[in-house]
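Each reported figure results from applying straightforward, stated rules to the coordinates on display, with no laboratory input. Note that the structure is predicted; figures quoted are calculated from it, not measured. Here Cβ is always computed from backbone atoms with ideal geometry, including for glycine, and neighbour counts include all displayed protein chains.
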Amino acid sequence: MEDDGEKFMLTAKKSEDFSEWYTQILINSEFVDYSSVSGMLVYRPDSYFVWETIQSVTDRMFKEAGILNAYFPLLIPERLLLKEKEHVEGFSPEVAWVTHAGKSELSERLAIRPTSETIMYESFAKWIRSWRDLPLQLNIWNTVVRWEFRHPTPFLRGREFLWNEGHSAFATLEEAEAERGVILGIYQKVLREYLALPGIMGRKTDSEKFAGAVATYSIEHVMPDGRVIQGPDHHSDGQNFSRAFEIKFLDRNGNSDYAYQNTYAISTREIGVMVATHSDDKGLVIPPRLARIQVVIVPIYNKSSRDSVLQYSSRALESMKGTARVHLDDREEYSPGWKYNQWEIKGVPIRAEIGKRELEAGSVVLVRRDTGQKVAVPFERLAVEVASMLEAIHESLYARALDFLNSHIFHVDDYDDFRKKIGSGFIQSPWCGSPDCEAKIKEETGGKTSNMPPEIQSQASGRKCIYCGKPARHIVNFARSY
């Protein structure tokens, strides 16, 4: 029964062929599978558990912040999508259309939701009449379709992905601006405490902001191949959509005004970032709080010790149940070594080895997936030691990821040096603010602006633009991106 072990093997190495390694690790670990539609994934139980957990903890924090869940239709009439010009121009190349029902052609094309602003704001315009109706803070958990024409990459660049869509309306600009810190704070907490992922937060340049927004703020990650990718974001939409959709209200003084709006999202892209950041040449490394199985028990026995070892393993299972999500792998058709390989590539945080030696010593051997470290712990301390180890694994993964991020931030003022380093992480360089310089840099180097972290903007004073040499207005993260 062990001749199918090759499917759990990786032939590519992370440091040598990141793209091939990334694909192999997702498929060979049974984390996801391909569907018959290019760019649309099948989420297998382990990957969907990760998303369910992200969704659950994010949703809880949203509700604590006063945000309510709702749902809006998948299909959007073309006339609604066309109402906000800049928005529709930003999404036009990616929109998939429904044109027929059976053999009958529809009287109006229906867009398969690329994002929900237009379908939602038709309702907002009906619901909001007075300042008493504000703020309106709604969230949707849904899927969207964006027909990317570039090569699809699981999680990172797909044609369908899962996410939250937050949509808020406020009476004043000040209230709308205050929400940004709350939402981005929630996203940072989810990334830090569950995915063990650091990132750089800042404002996008106008050329990179969300279509229809006044400003976009994002958390950006650096990937193992040196390219960067946008994570969770928050868009300050001002009154752009409220003017297009006539979302008007009477204020406390009886004057008519347009609502101030925000949108924000975290998506399944973060799962891909998590996999790429933490995993290694042996397989997945899943942060403990997102692992469907946190501890797998592998019994080791021969014919004479089988019953006693399995009984002891069952006792170990029961002792850990209140502490961790535990699985006892008592399959008899596979050897312990085969099981080690399978659970290793699946990224289970802790492997518990139990054989005759452990039975006689009254102990259990725990093996950390992230470091391979083995430790024998007394049976009576098993639950305590497992809890401590799971916490240590999470903190170790975050520290390692933070070190990697910090080592891939480069401060560059010379354009020749810039050209050499672009594609190696975040290049923090001074910029005059000219869209022409931004476009030229992108054209000549393949790098584009990522975002502008607020904490480093004071460093722009007295420096010159990396491209044109004029006085700098900003320090910008430049990078090659997904």
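Annotations for the structure displayed:
- Of Lys13/Lys374; Lys85/Lys126; Lys339/Lys374; Lys14/Lys464; Lys440/Lys464; Lys346/Lys448, those spanning more than 27 Å from alpha-carbon to alpha-carbon: Lys14/Lys464; Lys346/Lys448
- Only Cα pairs under 8 Å and 6+ residues apart enter the sum, and on that basis the relative contact order of region 238-386 stands at 21 percent.
- Cα-based helix-to-principal-axis angle, 18-28 vs the chain, degrees rounded to 10: 60
- Looking at region 288-393, the DSSP beta bridges with both ends there are about 55 percent antiparallel.
- Cα gyration tensor, region 382-482 - rounded (a/c under 1.5), prolate or oblate: prolate
- Residue (of Ser130, Ser396, Phe155) at the positive-pole extreme of the chain, dipole from beta-carbon charges: Ser130
- Cα gyration tensor shape for region 331-383, rounded if a/c is under 1.5, else prolate or oblate: oblate
- Relative contact order [Cα under 8 Å, 6+ residues apart], the chain, whole percent: 15
- Peptides 454-463, 213-222 ranked from most to least packed, by the mean per-residue count of other Cβ atoms within 10 Å: 213-222, 454-463.
- Cα centroid separation, region 251-292 to region 442-461 (Å): 22
- Against the chain, whose longest principal axis comes from its Cα atoms, helix 382-406 is set at around 40 degrees.
- log10 of Debye I(q)/I(0), alpha-carbon scatterers only, for region 5-278 at 0.10, 0.14, 0.15 Å⁻¹: -0.56, -1.05, -1.18
- Extent along principal axes [Cα atoms of region 1-113; Å; largest to smallest]: 57, 44, 31
- The Trp97 and Lys440 beta-carbon pair, evaluated with R₀ = 41 Å, returns a calculated FRET efficiency of approximately 0.70.
- Ranked packing of 152-159, 94-101, most packed first, by mean Cβ within 10 Å: 152-159, 94-101
- Beta bridge orientation in the chain: antiparallel %, DSSP, nearest 5: 80
- Angle between the chain longest axis and helix 336-346 axis [Cα atoms, degrees, rounded to 10]: 10
- Averaging the sequence gap over all C-alpha pairs within less than 8 Å and six or more residues apart, then dividing by the number of residues, gives region 157-244 a relative contact order of 22 percent.
- With Cα atoms defining each centre, region 143-192 and region 306-325 are spaced 42 Å apart in the structure.
- Dipole in debye (nearest 20) - the chain, about Cα centre, beta carbon charges: Lys, Arg +1; Asp, Glu -1: 320
- Taking a ≥ b ≥ c as the square roots of the eigenvalues of the alpha carbon gyration tensor, region 288-393 is oblate, as a/c is not under 1.5 and a/b does not beat b/c.
- Total charge dipole magnitude, region 290-377, about the Cα centre, Cβ charges on Lys, Arg, Asp, Glu only, Debye to nearest 20: 180
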